[in-house]
Amino acid sequence: MNLQRSDSKNKISYYLKRMAYRGFSESEVLDGCSIRSSANPSEGFRAAPDQYRKVISNMLRLTGCESLGLELGAEIKVSDLGVLGYATLSSTTLAQARTVIHRYHNLNEYLVLPLDHIHGNKWTCELKEMFPLGGLIRFATEEFITRAMALSSTLTDREFLPLEVHLQYPEPAYGSKYSKIFGCPIYFDQPKTLIHFDARRLDDPIVMADEDVFSLCDQLCSQLIKQQQHSDKISERIRYILLNMPGSFIGLNEMAEKLSISPRTLARRLRSEGITYQELINTLRKELALEYLSCTDLTPKEISYALGFSNVSNFRRAFKSWTGKKVSEYRQE
């Protein structure tokens, strides 16, 4: 196991590799994305939401495969996750692997954020968009589920299937593939996207468990996180934290606690970057509002909830102050 170059991996690199296997060039996949090919394999590279949407749209168009998400998720290898993958591979049980992925989630990239909890023998993952995906939510959901199944099966050397799958979107034309791949009851047009697993599977042993290798990988993951924190601007770290908390825009004091610094230090570091905490919150809310209005059919009320507003009237007033336009006027353009 070579860990010397096992750093954090980015999702775009994975897409390029899998599309190359299908016979498509980097330039075809990245068309219209403003991404330099040489930047993709670099440690720490993260695509912007509009770049992700364009890349996924390109892949679907190039392959002509509507169910591409199912395929790309199933093709994931542990090594595609870099050192984080090796940390899971050397864990003792699936539960420990899950804990590691949660602890070092900043080394992973998500299109949909899994919010999971365990109740009795049921392990439930609720999926929420990291950013507006519009019609691409189906791709992102399919990829997440088959990826979770593939990785868990690899780690335990046992088939890993969900108990139930609840999806917010309508059944696609290729819906029969879902039943064949997931092997469980599937419900479409649901209020939330929920994937239920058997919580008892968390006790499954990892076939390549190795305490020494795990200890090394855990240290390397910790070092990578520290490097990220040292190199990133504090404003960028805050944006990433907020994007990982859909619908929650916490105050400065709570954010300072998450960053393990004092509120005064946080405010000072933001000032050194030429921005205040509230300005950062407003900017992120504005960006997300514009994306939701452009890329989804969500109602103003639903968008206001996603942006953490107490009611839709407050959202409408804020939007008018940001853009000088009413929500309805912007959507009609």
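The values are calculated or read from the model by the stated rules, or taken from the named source; none is laboratory data. These figures come from a predicted structure and were not determined experimentally. Positions of Cβ are generated from backbone atoms using ideal geometry, with glycine treated the same way; all protein chains shown enter the neighbour counts.
Among the residues of segment 19-53, just one is part of a helix (DSSP H, G or I), touching a Ser or Thr at 6+ places or on another chain (Cβ under 9 Å) and modelled with pLDDT of 95 or more, namely MET19.
For PRO246, the stated conditions do not hold, so it cannot be described as over 24 Å from GLN96 (Cα atoms) and modelled with pLDDT of 95 or more. Per this entry, PRO205 is counted among residues that are of a type outside the set (A, V, I, L, M, F, W, C), at pLDDT 95 or above and under 22 Å from TYR104 (Cα atoms).
Here's the yes/no breakdown for (1) surrounded by 15 or more Cβ atoms within 10 Å (Cβ to Cβ); (2) in a helix (DSSP H, G or I); (3) free of Cβ contacts under 8 Å to residues at least 40 places away in the same chain:
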| position | (1), (2), (3) |
| --- | --- |
| CYS125 | yes, no, no |
| PRO132 | yes, no, no |
| ALA140 | yes, yes, no |
| ALA173 | no, no, no |
| LYS180 | no, yes, yes |
| LEU202 | yes, yes, no |
| ALA209 | yes, no, no |
| SER215 | no, yes, yes |
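Screening the candidates LEU270, LEU298, LEU288 for the property of being among the aliphatic types (A, V, I, L, M), under 28 Å from ASN108 (Cα atoms), surrounded by fewer than 17 Cβ atoms within 10 Å (Cβ to Cβ) and not assigned by TED's automatic domain parsing to the domain that holds GLY135 yields one hit, LEU298.
Look at segment 307-333: where a residue is loosely packed, with under 12 Cβ neighbours inside 10 Å and a partner is not acidic (Asp, Glu), sitting 6+ places away or on another chain with Cβ atoms under 8 Å, you get ASN311/SER304.
Conditions (1) small (Gly, Ala, Ser); (2) farther than 27 Å from ILE303 by Cα, marked per residue:
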{"position": "PHE144", "(1), (2)": "no, no"}
{"position": "GLU164", "(1), (2)": "no, yes"}
{"position": "ALA173", "(1), (2)": "yes, yes"}
{"position": "TYR187", "(1), (2)": "no, no"}
{"position": "ILE195", "(1), (2)": "no, no"}
{"position": "ARG200", "(1), (2)": "no, yes"}
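Consider segment 61-87 and keep the residues that are closer than 22 Å to LEU224 by Cα and among the small types (Gly, Ala, Ser). The one that is surrounded by the most Cβ atoms within 10 Å (Cβ to Cβ) is ALA87. When restricted to residues that are more than 11 Å from the chain's Cα centre (by Cα), outside any helix (DSSP H, G or I) and crowded, with 20+ Cβ neighbours inside 10 Å, segment 88-123 contains 4.
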